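**Student:** Got a structure for you, written out below as structure tokens; questions coming shortly.
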Amino acid sequence: MTEGYRGVWVFVEQKKGEFLPVGLQLLGKGREIADRLGEKLSALVLGRDVKDKAKALIGYGADEVLVVDQPKLEDYQTDLYAHVVTELVQKERPSVFLLGATYNGRDLAPTVAGRLETGLSSDCTRLEIDEEGRLVQVVPAFRGMASILCPDRRPQMATIRPGVFRLPAPDESRTGTVREVQVDLETVENRAELVELYLQEPEGKPLEEAETVVAGGAGIGDLEGWKLIEDLAQVLGAAVGATRPPLDEGWAREDQMIGQSGKTVRPDLYIGIGISGETQHVVGIEDAKVVVAINNDPGAPIFKVADYGIVADYRKVVPVLIERFKKLKNTG
Ligand SMILES: Cc1cc2nc3c(=O)[nH]c(=O)nc-3n(C[C@H](O)[C@H](O)[C@H](O)COP(=O)(O)OP(=O)(O)OC[C@H]3O[C@@H](n4cnc5c(N)ncnc54)[C@H](O)[C@@H]3O)c2cc1C
């Protein structure tokens, strides 16, 4: 079931006609994979009035942009999008198909994979091509990393979270084609209809883009302690991140979680406080340039990945850091 499949596809999701950065990041990675395989890279875009904008994706690495531009595809709707994508994959037969692990991508990818009866690895943190030209999909699992292959079915499908791959610099001199494709949606049953869409503006700079991240874990202990984390972040102009327990406790918001089921960050400086360093968290900070850990247990695994470690009760250390940084700021 692998014969006749060629090419690398990237689903580039749009919201209100704007491409989400994860799609562009995947085009950068897709380009590498396509070059390694000696195959074509195609971007797939669904939406309304997106045809003209689609050309820009060539600059991000696509050889070809497939566009399905229809009013019904303005916003993501599972049945309509899954129908279009499944039909196109069946017709065009790409060998590799990458999608962003956004809310919509996490819905679309398994729906399409199920219909195509192929495999899907969710939330990959690395993608490679092995010697036989197969896609190696690396995901955090079993307290380590697992390399997954889809040897017998095609396409080889993977979702990747925003921020895992770098945004490529657009090259306007690149050439490629935009191909508009028609798909008949009249007979498709849309079982869950989108009635209205509210877009909530994120608070402050997104974690994935922050140059400094101060993250707190279960060791913070209570809401009063969490305030210290926020104060330290504020004085450093940093974004606040968290492990899972602060979410469960209600100290942090869901969009602040870093790790396997949260976000991937790549700051210049990451300060992890009261965090043990379980794999599920650490996979989200692999690309941080400098990691500082504050933990009162010298055996905490976070110290294995930290560049600088402070073994201490954070309640003693963090107020001192806040005062010092404030002073430094005041003296310029
Ligand atoms: C499928 C799955 C997905 C998951 N996804 C994620 C994810 O995306 N992100 C994530 O973070 N977790 C995730 N988890 C949870 C993960 O396995 C860990 O449970 C979690 O990361 C632990 O968080 P923690 O380090 O804050 O807590 P703990 O492991 O409880 O560590 C707390 C640390 O604080 C230290 N400490 C205690 N008191 C102090 C003090 N006063 N001063 C300084 N240090 C102190 C302790 O020594 C300890 O090392 C996932 C789990 C599963 C099963």
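**Student:** Go through region 208-249 and give me each residue that's among the β-branched types (Val, Ile, Thr) and within 14 Å of the ligand (Cβ to nearest atom).
**Tutor:** Within region 208-249, the subset among the β-branched types (Val, Ile, Thr) is 212-214, 220, 229, 235, 240, 243.
Once the filter is applied, which keeps residues that are among the β-branched types (Val, Ile, Thr) and within 14 Å of the ligand (Cβ to nearest atom), region 208-249 yields VAL213, VAL214, ILE220, ILE229, VAL240, THR243.
**Student:** Within region 131-141, does at least one residue satisfy the condition of being free of Cβ contacts under 8 Å to residues at least 12 places away in the same chain, within 30 Å of GLU278 (Cβ to Cβ), in the same structural domain as ILE58 (by TED's automatic domain parsing) and of a type in the set (A, V, I, L, M)?
**Tutor:** Of region 131-141, the ones free of Cβ contacts under 8 Å to residues at least 12 places away in the same chain are 131-132, 141.
Checking which are within 30 Å of GLU278 (Cβ to Cβ) leaves us with 141.
Going one step further and asking which of them are in the same structural domain as ILE58 (by TED's automatic domain parsing), we end up with 141.
Retained after the next criterion (residues that are of a type in the set (A, V, I, L, M)): 141.
Yes, there is a match, as at least one residue in region 131-141 is free of Cβ contacts under 8 Å to residues at least 12 places away in the same chain, within 30 Å of GLU278 (Cβ to Cβ), in the same structural domain as ILE58 (by TED's automatic domain parsing) and of a type in the set (A, V, I, L, M).
**Student:** Looking at TYR308 and the list (1) of a type in the set (Phe, Trp, Tyr); (2) within 12 Å of the ligand (Cβ to nearest atom); (3) surrounded by fewer than 17 Cβ atoms within 10 Å (Cβ to Cβ), which single condition is not satisfied?
**Tutor:** Only one criterion in (1) of a type in the set (Phe, Trp, Tyr); (2) within 12 Å of the ligand (Cβ to nearest atom); (3) surrounded by fewer than 17 Cβ atoms within 10 Å (Cβ to Cβ) is unmet by TYR308, namely (2).
**Student:** Oh, and also: Tell me, which residue of region 1-60 that is basic (Lys, Arg) and under 18 Å from THR177 (Cβ atoms) is nearest to the chain's Cα centre (by Cα)?
**Tutor:** So, considering only residues that are basic (Lys, Arg) and under 18 Å from THR177 (Cβ atoms), the one nearest to the chain's Cα centre (by Cα) is ARG31.
**Student:** Among the residues of region 266-277, which ones are at pLDDT 95 or above, at negative phi and not in a strand (DSSP E or B)?
**Tutor:** Taking region 266-277 and keeping what is at pLDDT 95 or above, we get 267-277.
If we keep only those that are at negative phi as well, we get 267-273, 275-276.
Result: PRO267, ASP268, ILE275, SER276.
**Student:** May I ask you to say which residue of ARG315, ARG324 is within 14 Å of the ligand (Cβ to nearest atom), outside any loop (DSSP other than H, G, I, E, B), over 24 Å from PRO140 (Cβ atoms) and in the same structural domain as THR212 (by TED's automatic domain parsing)?
**Tutor:** On the way: ARG324 fails: within 14 Å of the ligand (Cβ to nearest atom).
Matching residue, one of ARG315, ARG324: ARG315.
**Student:** Out of ALA293, ALA288, ALA252, ALA300, which single residue is surrounded by 19 or more Cβ atoms within 10 Å (Cβ to Cβ), without any contact (Cβ under 8 Å) to a residue 40 or more places away in the chain and within 23 Å of the chain's Cα centre (by Cα)? I'd like the intermediate steps shown before the answer.
**Tutor:** Working: ALA293 fails: within 23 Å of the chain's Cα centre (by Cα); ALA288 fails: without any contact (Cβ under 8 Å) to a residue 40 or more places away in the chain; ALA300 fails: within 23 Å of the chain's Cα centre (by Cα).
Every option except ALA252 fails the conditions.
**Student:** Let me ask something additional. With respect to ASP107, is the statement that it is surrounded by fewer than 22 Cβ atoms within 10 Å (Cβ to Cβ), within 19 Å of the chain's Cα centre (by Cα) and under 27 Å from VAL178 (Cβ atoms) true?
**Tutor:** yes
**Student:** Taking GLY259 and the conditions (1) touching a helix residue (DSSP H, G or I) at 6+ places or on another chain (Cβ under 6 Å); (2) surrounded by fewer than 17 Cβ atoms within 10 Å (Cβ to Cβ); (3) not hydrophobic (A, V, I, L, M, F, W, C), which numbered condition does it fall short on, given that it satisfies the others?
**Tutor:** (2)
**Student:** In addition: Condition first: in contact with a strand residue (DSSP E or B) (Cβ under 7 Å, 6 or more places away or on another chain), in contact (Cβ under 8 Å) with a residue 60 or more places away in the chain, not in a helix (DSSP H, G or I) and not charged (D, E, K, R). Can you find one or more residues in region 222-245 that meet it?
**Tutor:** No, the conditions are met nowhere in region 222-245.
**Student:** Further question: Might you let me know whether region 282-290 holds any residue that is touching a helix residue (DSSP H, G or I) at 6+ places or on another chain (Cβ under 8 Å) and either near the ligand (Cβ under 9 Å from one of its atoms) or outside the structural domain of LEU232 (by TED's automatic domain parsing) (or both)?
**Tutor:** yes
**Student:** For region 209-225, indicate whether the set of residues that are over 22 Å from VAL318 (Cα atoms) and out of contact with any Ser or Thr (no Cβ under 7 Å at 6 or more places or on another chain) is non-empty. Break it down stepwise before answering.
**Tutor:** The initial filter retains those residues of region 209-225 that are over 22 Å from VAL318 (Cα atoms), namely 209.
The next check asks that each one be out of contact with any Ser or Thr (no Cβ under 7 Å at 6 or more places or on another chain); those that pass are 209.
Yes.
**Student:** Please specify each residue of region 192-222 satisfying the condition of being modelled with pLDDT of 95 or more and more than 19 Å from the chain's Cα centre (by Cα).
**Tutor:** Answer for region 192-222, where residues must be modelled with pLDDT of 95 or more and more than 19 Å from the chain's Cα centre (by Cα): VAL214, GLY216, GLY217, ALA218, GLY219, ILE220, GLY221, ASP222.
**Student:** So is THR212 among the polar types (S, T, N, Q) and closer than 19 Å to SER276 by Cα or not?
**Tutor:** On the way: among the polar types (S, T, N, Q): yes; closer than 19 Å to SER276 by Cα: no.
Criteria not met by THR212.
**Student:** A further question follows. Quickly run through region 67-104 and pick out the residues that are aromatic (Phe, Trp, Tyr) and either in a strand (DSSP E or B) or touching a His at 6+ places or on another chain (Cβ under 8 Å) (or both). Write out each step before concluding.
**Tutor:** Here is the first cut: in region 67-104, the residues aromatic (Phe, Trp, Tyr) are 76, 81, 97, 103.
Once the filter is applied, which keeps residues that are aromatic (Phe, Trp, Tyr) and either in a strand (DSSP E or B) or touching a His at 6+ places or on another chain (Cβ under 8 Å) (or both), region 67-104 yields only PHE97.
**Student:** Let me ask something else about it. Look at ILE273 and say whether it is touching a residue at least 40 places away in the same chain (Cβ under 8 Å) and either within 13 Å of the ligand (Cβ to nearest atom) or aromatic (Phe, Trp, Tyr) (or both). Give the derivation first.
**Tutor:** On the way: touching a residue at least 40 places away in the same chain (Cβ under 8 Å): yes; either within 13 Å of the ligand (Cβ to nearest atom) or aromatic (Phe, Trp, Tyr) (or both): yes.
Answer is yes for this residue.
**Student:** Let me ask something else about it. Considering only residues that are surrounded by fewer than 18 Cβ atoms within 10 Å (Cβ to Cβ) and outside any loop (DSSP other than H, G, I, E, B), which ones fall in region 38-52?
**Tutor:** Correct list: LYS51, ASP52.
The values are calculated or read from the model by the stated rules, or taken from the named source; none is laboratory data. Since the model is a prediction, treat every value here as computed from it, not as a measurement. Cβ coordinates were reconstructed from backbone atoms using ideal geometry, including for glycine residues, and neighbour counts include every protein chain displayed.
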